[in-house]
Amino acid sequence: MSHFSLRPATAEDCTAIHGLICELAAYERMSAAVRGTPDMLRETLFSSKPAADVILAEAEGGQTVGFALFFSSYSTFLAQPGIWLEDLYVKPEFRGHGVGKALFRTVAEIAQQRGCGRMEWSVLDWNSPAIEFYRNMGARAEDDWTTWRLTATGLAALTAQRR
């Protein structure tokens, strides 16, 4: 691939974004976890209060070949905003051509422009290609921290306890 471009996603891109999310879920062996739809993405990403930003990578001819989805976070210790990189994905046939690096650097540039003190993300512990990619980009693992999660069911159960 000789040329690609990056651009902010628009509401018209929701079907393409959803397709990339499904590909990422398949790669991560989590296809059954995908519940979102293009319409849900349109509602949450392009409403008056967007939940996240998306940068798309396109090959010549306009084919969407990758994306980065990120949102604002905050560090109380730094007293600064941050960015949480939720997803960075490039279609397998377009890897090794700088697309992932360009997406990652673009999110880093946005973090700097927004005055962020850091950019963070998580990586599945078995995903050695991604781990190596991030190491090569100058990142380091935060091994002292463990990610915890409350799903919608857990949130409902917890909030029901207060009633």
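The values are calculated or read from the model by the stated rules, or taken from the named source; none is laboratory data. Not measured: the values here are computed from a predicted model. Backbone-built Cβ (ideal geometry, glycine too); neighbour counts: all protein chains shown. Quick note on the areas: whole protein, heavy atoms, side chains included, nothing else; ligands and nucleic acids left out. Shrake-Rupley method; radii C 1.70, N 1.55, O 1.52, S 1.80 Å.
Among (1) closer than 22 Å to Val123 by Cβ; (2) open to solvent by 30 Å² or more (accessible area, probe 1.4 Å); (3) aliphatic (A, V, I, L, M), which single condition is Ile83 missing?
The one condition Ile83 does not meet is (2).
Across region 105-160, which residue is farthest from Arg95 (Cα to Cα) among those that are open to solvent by less than 60 Å² (accessible area, probe 1.4 Å) and of a type in the set (Val, Ile, Thr)?
Of everything passing the filter in region 105-160, Ile110 is farthest from Arg95 (Cα to Cα).
Within region 130-156, track down each residue that is among the polar types (S, T, N, Q) and within 17 Å of the chain's Cα centre (by Cα).
Residue satisfying the conditions is Thr147 alone.
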